[in-house]
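What follows is a set of notes on a single structure, which appears directly below.
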Amino acid sequence: MSRYDGASASFHEMWRDLEPLGRNAGSGGYRRYAWSEADVECRAWFRAQAEGRGLAYEVDRNGNQWAWLGDPEAQDAVVTGSHLDSVPDGGAFDGPLGVVSSFAALDELRGRGVEFGKPLAIVNFGDEEGARFGLACVGSRLSAGQLGVEQARRLTDADGISLPQAMERAGYDPTAIGPDPERLARIGAFVELHVEQGRALDLSGDQVGIASAIWPHGRWRFDFRGEANHAGTTRLVDRRDPMLSYAETVLAARREAHLAGAVATFGKISVEPNGVNAIPSLVRGWLDSRAADQATLDTVVTGIEKAAREYADTHGVELDIVRESFTPVVEFEHALRDEIARILQGASDRLEVPVLGTGAGHDAGILSGSVPTAMLFVRNPTGVSHSPAEYAAEDDCVAGVIALADVLEGLTRR
Ligand code: HGY
Ligand code: MN
Ligand code: MN
C-alpha cells in the first residue's frame, strides 16, 4: 500500500463523477458556462461532495459555494479551492483539478488523523472564466469589491440574458450580490491548486510548483462599423468594409506583441449580418492581451489601438474600443509563498520547489488584494490549456493532492 493510495482513490472517485458533466460529445471539450445547466450540475456535484463529508455547505451572496470544516465565524481560516466553470470547449483540468484536489486533500488529512487547529474551507468560485458574460472572475471580484454591483447587474450574455436573470434561472438569489468583506476577513490564507497552463514544470522535471506572480492582463472589445452592402455588386472602391480593418488589426496585434515580448490574441469575433454574400455592417472582435509588466502591456495595447484606428480611417470605418475586463499584476505574498516552499521542500526530496510566474488569471489573483493568497501548479506535460487536449498525468495529480494536503496541514497548525 503506497502512501498515495488513499489520496489516489479519493481523487479518482470524484474525477469519475465530475468528468462527464458539461462535456460536449462532438468536441470532447467542456461548455460549463456560468449559471448554465452544466454549471448547475457541477454545483450539485460540489454540494454532494461537501455534504457527503459532513462539511457545512453554504452559498454566499455572489453564488460562490463553500464547504466548511470547523466554525466559519472563527478567524484565520485556511481556504482552498478553485472554479468549475470553463471556457468554450475548455479542458477537464482548468479549475476542476483544484476543486477535486481540495476535497481529496481533506480526505488525505483525515486519513492522517490531523487535528485542525483552524477552520478549513473548500470553495468553488463562480464564473471564473467569464465565458458567458465577458468578464473574468465575477464571483471572486464581486466578493472582493472589485466589481460594482450595478456593473455586474448589467452584464448580459449573447442572448441578452442578464447575470441576475441567469442566476435566478439557475435557482440562485441575485438580490444581494456585492462585496463580502466580513467573509474575506475570516480568511487567514487562500491556496489555489491549478493545472499549470504552460510547460515550466515539464521542462524542469517537477510535479508541483509554486506561483510567484500573475501577469497583468485584460480584454478589449473592438467594434468596427462599416456599410452593409452586396458582396457581388459593390465595387471594391465603393466599400466601407469593417472586416478589412479587423483583419489588419489582428495582424497588428501579433506584431505589437512580438515586438514587446508579450501576448495578444483575437480569439472571439461576431459579425453582423454574418452572411456569406453580404459585406458586414459590424465586425466585433475581442482582444486578450497580457505582458510581464504594466508598462509593456500598455505599450502593446496602445500600439494595437493606434493601428486599428489608422486602418479604420483608411476604409471609412468607425471604431469604438471598450475595455471589458482588466487584472493588474499580482505578486503573491512572499511570506506565505516562502512558508509553502518550506513545507513542500520539507516533505519532498526536491532541493527546491520551482517558483514560477504565469500569464493566466485566477481567483487567487483577485483575492490577493484582500487576503494572503498562494497558488500551487501541477505539471501539464504539453502545456496546452483552454482546449479539450488539456491534460495532467494521474501520478502528477495525486502528487498535487499530497502537496496540497501537506500545505493545508502546515497552515492549519501555525
Ligand atoms: O483567462 C485566464 O487567464 C483564466 O483562465 N481565466
Ligand atoms: Mn482558464
Ligand atoms: Mn482556471
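None of the figures in this text is laboratory data; all of them are computed from the coordinates on show. Because the structure is predicted, anything quoted here is derived from the model rather than measured. All Cβ positions, even for glycine, are placed from backbone atoms using ideal geometry, and neighbour counts span all protein chains on display.
The table that follows gives values for the structure above.
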{"quantity": "Amide H contacts of Ser368 (H built 1.01 Å from N, under 5 Å, at least 5 apart or other chain)", "calculated": "none"}
{"quantity": "Given the chain, longest segment not containing exposed loop GluC sites (Glu not before Pro) (DSSP; at most 12 other Cβ within 10 Å)", "calculated": "116-351"}
{"quantity": "Relative contact order computed over the chain (Cα-Cα under 8 Å; 6+ residues apart), in percent", "calculated": "23"}
{"quantity": "Distant-in-sequence amide H partners of Leu282 (H built 1.01 Å from N, under 5 Å)", "calculated": "Gly226, Glu272"}
{"quantity": "Whole-Hz couplings from phi, Karplus 6.51/-1.76/1.60, listed for the stretch 376-388; x for Gly and Pro", "calculated": "10, 10, 10, 3, 10, x, 9, x, 6, 8, 6, 7, x"}
{"quantity": "Size of electric dipole in the stretch 336-405: Cβ of Lys, Arg +1 and of Asp, Glu -1, about Cα centre, debye, nearest 20", "calculated": "160"}
{"quantity": "Cut-off under 5 Å, modelled amide H: who pairs with Tyr57 long-range", "calculated": "Trp68"}
{"quantity": "Cα→Cβ-extended label distance, 7 Å offset, between His12 and Glu115, nm", "calculated": "3.4"}
{"quantity": "10 Å-binned pair-distance histogram of the chain (Cα, whole percent)", "calculated": "5, 22, 31, 24, 12, 5, 2, 0"}
{"quantity": "Vicinal HN-Hα couplings computed from phi for the stretch 213-219 (Karplus, 6.51 cos²θ - 1.76 cosθ + 1.60; Hz; Gly/Pro x)", "calculated": "7, 10, 4, x, 7, x, 10"}
{"quantity": "Calculated FRET value between Gln345 and Val322, using beta carbons and R₀ = 45 Å, to 0.05", "calculated": "0.45"}
{"quantity": "Volume of the Cα convex hull of the stretch 342-383, divided per residue and given in Å³", "calculated": "99"}
{"quantity": "Cα-only Debye scattering, the stretch 1-145: base-10 log of I(q)/I(0) at q = 0.10, 0.12, 0.17 Å⁻¹", "calculated": "-0.34, -0.49, -0.94"}
{"quantity": "Antiparallel bridges, percent of DSSP beta bridges restricted to the chain (to nearest 5)", "calculated": "70"}
{"quantity": "Spacing of the two label points (7 Å from each Cα toward its C-beta) at Arg235 and Asp5, in nm", "calculated": "8.3"}
{"quantity": "log₁₀ of I(q)/I(0) at q = 0.11, 0.19, 0.24 Å⁻¹ - the stretch 217-327, Debye sum with one point per alpha carbon", "calculated": "-0.35, -0.88, -1.24"}
{"quantity": "Label-point separation in nm, Asp298 to Arg169, each point 7 Å along Cα→Cβ", "calculated": "4.1"}
{"quantity": "Proximal charge balance of Arg413 [Cβ under 10 Å; K/R count +1, D/E count -1]", "calculated": "0"}
{"quantity": "Hz values of 3J(HN,Hα) by residue in the stretch 176-185 - Karplus curve (6.51, -1.76, 1.60), Gly and Pro given as x", "calculated": "10, 4, x, x, 9, x, 4, 5, 5, 5"}
{"quantity": "Order of Val114, Val79 under a 10 Å beta carbon neighbour criterion, fewest first", "calculated": "Val114, Val79"}
{"quantity": "Per-residue Cβ neighbour rank within 10 angstrom, fewest leading, Arg183, Arg47", "calculated": "Arg47, Arg183"}
